[in-house]
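Novice: Shown below is the structure under consideration.
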Amino acid sequence: MSDDLTITDLTTSIERIPLKRPFVTHLHTVKAIQAVQATVVLQNGVTGVGAATPNEVVTGDTLVTLRSIIEEVIKPQVVGKSLSTPEPLLTAIQNSIQNNQPAKAAVDIAIHNALAELYHCPLTSMLGGAKATMATDYTISIGAPDRMAAEAQRLVQAGFHSLKVKIGNGTVDQDVATLTKISQAVGSQISLRVDVNQGWTYQQARYGLRLLAVAPLNLDFVEQPLPANQLDNLAHLRRSSPLPIMVDESVFTPDDALAVIKAGAADLVNIKLMKSGGLYPANQINQLCQAAGIPCMVGCMIEAPESLAAAVAFANAHQNVRFIDLDSVYMAKQFPTDGQLAHEGARLWLKA
């Protein structure tokens, strides 16, 4: 039996937004924001929009596979269902197929945005409304040390107070030298966050953490120093580490978060909607981490405005989210002008 809140259609389209310059990590190089936009339509005319960004080396997706999963697998699970009981619907999306988290995230975000429209409130308020704004960092991709230091100076002049630095392609000593050069370029008041993207071995990580701890650096944490599946090694490393350890690729799902917590493998967890499958499972991950006394960061891939806006809303909604790395909108050649995002320097938030 249908009602005014019944989903009558789910459509997709492709988004491509060129970046100002290539974004380079230990795992890959990205030249453009690419996404599958998903739109749900309700019987009463209300719509909700989400987006899925592929990442072949992290989530194992392409634009083609994402669109196919949304249209062929998830669409039959949601069309004809009512938002009057959203939790069974959101659970059905997660159970519709193994993996394929970005595809699930696109539809999950679209449904949440439709609910916010129905409730006549900002998504941030609907999710919890804990904060008004948060300051994002900006991620410096891997390149020549002088170029990375010059970019850091430019970003600080633009208003950023925290910088996340990608390393892992050179030797540990080269990585530490690059970070030192960046710190000298921007000054000790600017906090740095280091992301190795699984690029070190256990022995390299032990050595690197010792070097970083004694270097003149204002470091918040070191992110994913080891391969994602090495929870025992991460736990050993964390126990001896002089610096906080954040995991990213080790946590996709609530089950992953529980495994990390049980292993004692992290001081911090990076939640990304594209890894978790959307806002519904992201909230479960955050609740598990909060119960375990583990603060979270909300991060992003090189994502489209629709999913980035949802990540901003989620981060602002929860006290346990202490950091955000939601900078991909600043990397685009043309900043979005569709009203979904507002910004001022390094401060980014969802418009009411």
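The values are calculated or read from the model by the stated rules, or taken from the named source; none is laboratory data. Keep in mind the model is a prediction, meaning the values are calculated, not measured. Ideal geometry is used to build each Cβ from the backbone, glycine not excepted, and the neighbour counts take in all protein chains shown. Protein only, heavy atoms only, side chains kept; ligands, DNA and RNA dropped before computing areas. Shrake-Rupley method; radii C 1.70, N 1.55, O 1.52, S 1.80 Å.
One line per residue, one yes/no per condition, for (1) over 16 Å from LYS81 (Cβ atoms); (2) among the hydrophobic types (A, V, I, L, M, F, W, C); (3) in a strand (DSSP E or B); (4) within 19 Å of the chain's Cα centre (by Cα):
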{"residue": "LEU10", "(1), (2), (3), (4)": "no, yes, yes, no"}
{"residue": "GLU15", "(1), (2), (3), (4)": "yes, no, yes, yes"}
{"residue": "LYS20", "(1), (2), (3), (4)": "yes, no, yes, no"}
{"residue": "PHE23", "(1), (2), (3), (4)": "yes, yes, yes, yes"}
{"residue": "ILE33", "(1), (2), (3), (4)": "yes, yes, yes, yes"}
{"residue": "ALA38", "(1), (2), (3), (4)": "no, yes, yes, yes"}
{"residue": "ALA51", "(1), (2), (3), (4)": "yes, yes, yes, yes"}
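Novice: Out of all the residues in the stretch 146-167, is one or more open to solvent by 60 Å² or more (accessible area, probe 1.4 Å), under 29 Å from ALA228 (Cβ atoms) and among the basic types (Lys, Arg)?
Specialist: yes
Novice: While we're on this one: So which residues in the stretch 231-251 are out of contact with any strand residue (DSSP E or B) (no Cβ under 9 Å at 6 or more places or on another chain) and part of a helix (DSSP H, G or I), if there are any at all?
Specialist: Across the stretch 231-251, the qualifying residues are ASP232, ASN233, ALA235, HIS236, ARG239, SER240.
Novice: Being open to solvent by 20 Å² or more (accessible area, probe 1.4 Å) and part of a strand (DSSP E or B), is that true of even one residue in the stretch 100-122?
Specialist: no
Novice: Out of THR133, THR178, which single residue is at pLDDT below 95 and of a type in the set (Val, Ile, Thr)?
Specialist: Result of the check over THR133, THR178: THR133.
Novice: Follow-up. State whether one or more residues within the stretch 317-326 are in a helix (DSSP H, G or I), at pLDDT 55 or above and of a type in the set (Val, Ile, Thr). Break it down into steps so the answer makes sense when it comes.
Specialist: Going residue by residue through the stretch 317-326, those that are in a helix (DSSP H, G or I) are 317.
Imposing the further condition that a residue be at pLDDT 55 or above reduces the set to 317.
Checking the rest, the ones that are also of a type in the set (Val, Ile, Thr) come to none.
The answer is no, given that none of the residues of the stretch 317-326 is in a helix (DSSP H, G or I), at pLDDT 55 or above and of a type in the set (Val, Ile, Thr).
Novice: Counting only residues that are open to solvent by 40 Å² or more (accessible area, probe 1.4 Å) and polar (S, T, N, Q), which one in the stretch 14-36 is modelled with the highest pLDDT?
Specialist: GLN34
Novice: Follow-up question, since we're still on this one. Can you find a residue that is of a type in the set (S, T, N, Q), more than 22 Å from THR136 (Cβ to Cβ) and open to solvent by 10 Å² or more (accessible area, probe 1.4 Å) anywhere in the stretch 203-219?
Specialist: Yes - at least one qualifying residue is present in the stretch 203-219.
Novice: So, in the stretch 50-80, of the ones that are open to solvent by 10 Å² or more (accessible area, probe 1.4 Å) and among the small types (Gly, Ala, Ser), which residue ends up modelled with the lowest pLDDT?
Specialist: GLY60
Novice: Does ALA228 satisfy the condition of being part of a loop (DSSP other than H, G, I, E, B), of a type outside the set (D, E, K, R), open to solvent by 10 Å² or more (accessible area, probe 1.4 Å) and in contact (Cβ under 8 Å) with a residue 12 or more places away in the chain? It would help to see each step written out before you state the result.
Specialist: Working: part of a loop (DSSP other than H, G, I, E, B): yes; of a type outside the set (D, E, K, R): yes; open to solvent by 10 Å² or more (accessible area, probe 1.4 Å): yes; in contact (Cβ under 8 Å) with a residue 12 or more places away in the chain: yes.
When the stated conditions are applied, ALA228 passes them.
Novice: Could you please find all residues in the stretch 180-195 being surrounded by 15 or more Cβ atoms within 10 Å (Cβ to Cβ) and closer than 22 Å to ALA135 by Cα?
Specialist: Those that are surrounded by 15 or more Cβ atoms within 10 Å (Cβ to Cβ) and closer than 22 Å to ALA135 by Cα: ILE182, SER183, ALA185, VAL186, ILE190, SER191, LEU192, ARG193, VAL194, ASP195.
Novice: When only residues in the stretch 296-305 that are in contact with a helix residue (DSSP H, G or I) (Cβ under 7 Å, 6 or more places away or on another chain) and not β-branched (Val, Ile, Thr) count, which is nearest to ALA110 (Cα to Cα)?
Specialist: The extreme case among them is PRO305.
Novice: Now for a different question. Given the options ARG193, ARG210, ARG154, ARG206, name the one that is part of a strand (DSSP E or B) and of a type in the set (D, E, K, R).
Specialist: Details: ARG210 fails: part of a strand (DSSP E or B); ARG154 fails: part of a strand (DSSP E or B); ARG206 fails: part of a strand (DSSP E or B).
Going through ARG193, ARG210, ARG154, ARG206 in turn, just one is part of a strand (DSSP E or B) and of a type in the set (D, E, K, R): ARG193.
Novice: In the stretch 200-216, which residues are aliphatic (A, V, I, L, M), touching a Ser or Thr at 6+ places or on another chain (Cβ under 9 Å) and under 21 Å from THR25 (Cα atoms)?
Specialist: Those that are aliphatic (A, V, I, L, M), touching a Ser or Thr at 6+ places or on another chain (Cβ under 9 Å) and under 21 Å from THR25 (Cα atoms): ALA205, LEU209.
Novice: (1) within 20 Å of THR29 (Cα to Cα); (2) at pLDDT 95 or above: which one isn't true of ASN169, the others all being true?
Specialist: Exception for ASN169: condition (2).
Novice: Looking only at residues that are in a loop (DSSP other than H, G, I, E, B) and out of contact with any helix residue (DSSP H, G or I) (no Cβ under 8 Å at 6 or more places or on another chain) in the stretch 40-49, which one is surrounded by the most Cβ atoms within 10 Å (Cβ to Cβ)?
Specialist: That would be GLN43.
Novice: Shifting gears a bit: Residues being under 22 Å from LEU42 (Cα atoms), open to solvent by 40 Å² or more (accessible area, probe 1.4 Å) and within 20 Å of the chain's Cα centre (by Cα): count how many of those fall in the stretch 85-99.
Specialist: Number satisfying all stated conditions: 0.
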